[in-house]
1. Considering the range 299-340 alone, what residues qualify as being surrounded by fewer than 12 Cβ atoms within 10 Å (Cβ to Cβ), of a type in the set (K, R) and modelled with pLDDT under 80?
2. Working only within the range 50-105, note down all residues that are assigned to a helix (DSSP H, G or I), of a type in the set (F, W, Y) and surrounded by 10 or more Cβ atoms within 10 Å (Cβ to Cβ).
Amino acid sequence: MKFGLNLTKKKPTGRPTPTRPPSTAFAFQDDDDDDDDEQIESTKTSAKDQAKKQRQKINQQLQASASTTLAHQKVKQAQDQALEDDPTIFDYDAVYDDLKAAENQQKIANKAKDTDKKAKYIQNLLEMADIRKKDRLLAEEKKVARERLAEGDEFADKDEFLTESYKKQKAELERIEAEEREREEQAAKKSSMTSFYKQVLDKKDAEHRALLLASASKKAATTTSIDSHSNDTDQHLIAEAKRKGIQINDNNEVVDKRDLLGAGLNVAAKPKFGSFGSLASSDARIKERQDEYEAYKRKKVAEYDARRRNGRGDHDERERLSKEIEQQMVATKRKAEQDQADKEAALQAAAAARRTTEDAALSARERYLARKKQKSTTT
């Protein structure tokens, strides 16, 4: 032992000696340790990546928030400026009410227009129905008149009874026919420039036709005299041609007409001076005016014929409609009579069948009673 301050010496602290892992009885224990190390390293790497992504996401959110705040500030400034310019700019309810009011007024206006159209259409329908009714009455009246005309004097000695309503109806039909006749006459006698031009054209056309007839008759007379003279000289000419050696076929026609040409210039005769042919051949404008006049005349004549046919066509159309209505009425009447006859025939057949059934039942009952009586007498 030593006296005094005794200090114990510390043991040097060095690196701890690594402890060896316990030995195992398996041959692949080292490979398992390597796999564990790799798994630890991959876990650390993925944790770092996740932390980096999280930081990036947070930064993006902060940037977006800053930009959104800036955008909100700009929008707020724009709204304040708009309110300063117009305090009612965001009064959506009032604007909507105004729009709906205008739309309702438009709907009311359209509905009023539709109502007017329907009323007008219905009025036209009523007028057409009235016209068809009058046409039907006219057709029926004409049918009755034809039937009476066909009867002749068969019922001449019989009395006629006409009611007041029938007299009024007949007077109304006569008035309608008179109005239509007067309207057609006025349309035919209507004076206008068209009728004036028509009269002028008719007059010119009549004169032209008279000239054509006169010229045609004169030409026919001339042709007759020439033909009678030519018939006498044909044989002489044929003999003269054969004598001169000109070739003639079986139909007494010249084969080569050049043989007929004489010495010198062979010039055709010119048309007579002052005739239309000479003027038209010398001046193209005269021929053009003549063609225009002929085309205009043909056009006006065609229009007049068309108007005349149309004027007559209205009356013919009404007559045709009256006949069609009359035929429809006759067909309807015949169909009704046929249906009535079929119904009566069916009723008669049913009654006959019923009578036959009743007679058969009575006959069977009589036979039954006879057999019963016979059995009772036998016993």
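1. Across the range 299-340, the qualifying residues are R309, R320.
2. Of everything in the range 50-105, just one residue is assigned to a helix (DSSP H, G or I), of a type in the set (F, W, Y) and surrounded by 10 or more Cβ atoms within 10 Å (Cβ to Cβ), namely Y96.
Per-residue answers, yes or no, for (1) under 30 Å from R320 (Cα atoms); (2) in the same structural domain as K170 (by TED's automatic domain parsing); (3) aliphatic (A, V, I, L, M):
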position	(1), (2), (3)
D93	no, no, no
K100	no, no, no
N104	no, no, no
K107	no, no, no
I131	yes, no, yes
L137	yes, no, yes
K143	yes, no, no
R146	yes, no, no
L149	yes, no, yes
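The values are calculated or read from the model by the stated rules, or taken from the named source; none is laboratory data. All values reported here derive from a predicted model rather than from experimental measurement. Here the Cβ is made from the backbone with ideal geometry for all residues, glycine too, and neighbour counts use every protein chain on show.
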